[in-house]
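To start, the structure itself, in structure tokens.
The values are calculated or read from the model by the stated rules, or taken from the named source; none is laboratory data. All figures in this text were calculated on a predicted structure; none of them were measured in a lab. Glycine gets a Cβ as well: all are built from the backbone with ideal geometry, and neighbour counts include every protein chain shown.
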């Protein structure tokens with residue numbers, strides 16, 4: 001399956017989850033509402049309330065801590081993704097040699113490239129799995145934030161967590177950190193000029209989408225994005241530094 005098909009699949013999953021699990025911000029989080037609330041939204045909402053109480057109703061700190069805990073939860077998958085990216089970078093000279101050798105035979109290029117991946121136990125699509133797993137968590141986190149009345153009434157720094165950032169500071173930070181994260185994760189993984197072009201497009205589109213959503217939604221969600229992105233950037237730096 002081509003990378004563009006995987007990206008298309010991810011978008012379909014996002015749309016299905018967003019539409020199938022939609023609930024009004026006024027709808028209380030209730031585990032008896034179904035699988036979505038019981039296994040996704042409710043545990044995150046309870047975690048937010050637990051740490052919110054622990055930090056004396058500071059839900060900004062609660063969101064930061066829960067975000068870090070969620071990132072640690074998916075850390076093994078992210079490490080696999082980063083190591084796969086690093087392996088792809090190391091294979092770039094051999095991939096280029098294959099393209100040069102069989103430049104008039106695209107099928108042969110694909111066959112030899114796949115043999116190279118199998119030889120070195122590298123999966124070029126391994127980066128898609130962590131994204132697919134994180135999307136339901138992100139959407140559930142959005143529901144946990146928007147449907148938690150305590151967060152809507154809480155403030156943190158200059159923010160009213162249930163409302164948009166009036167100064168657009170968090171949306172800009174979310175977009176910038178998304179750009180840095182996407183750039184780091186995709187660096188050196190292109191196997192063809194077409195794939196390189198797709199990666200370049202994603203590097204531009206992802207921050208733009210995050211900026212748009214961060215401006216539209218509650219600042220609590222933008223706070224989640226910024227903290228999560230910073231965590232991933234630091235984590236990527238550390239893992240790529242491991243020989």
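Take the conditions surrounded by 15 or more Cβ atoms within 10 Å (Cβ to Cβ) and at pLDDT below 90 and apply them to residue 198. Does it pass?
When the stated conditions are applied, residue 198 passes them.
Among the residues of segment 45-60, is any over 20 Å from the mean Cα position of the chain (by Cα), farther than 20 Å from residue 222 by Cα, surrounded by 18 or more Cβ atoms within 10 Å (Cβ to Cβ) and at pLDDT 75 or above?
Looking for residues that are over 20 Å from the mean Cα position of the chain (by Cα), farther than 20 Å from residue 222 by Cα, surrounded by 18 or more Cβ atoms within 10 Å (Cβ to Cβ) and at pLDDT 75 or above, one finds none in segment 45-60, hence no.
Kindly establish whether residue 64 is at pLDDT 90 or above and within 25 Å of residue 223 (Cβ to Cβ).
yes
Can you give me the number of residues within segment 65-93 that are under 15 Å from the mean Cα position of the chain (by Cα) and in a helix (DSSP H, G or I)?
Result for segment 65-93: 15.
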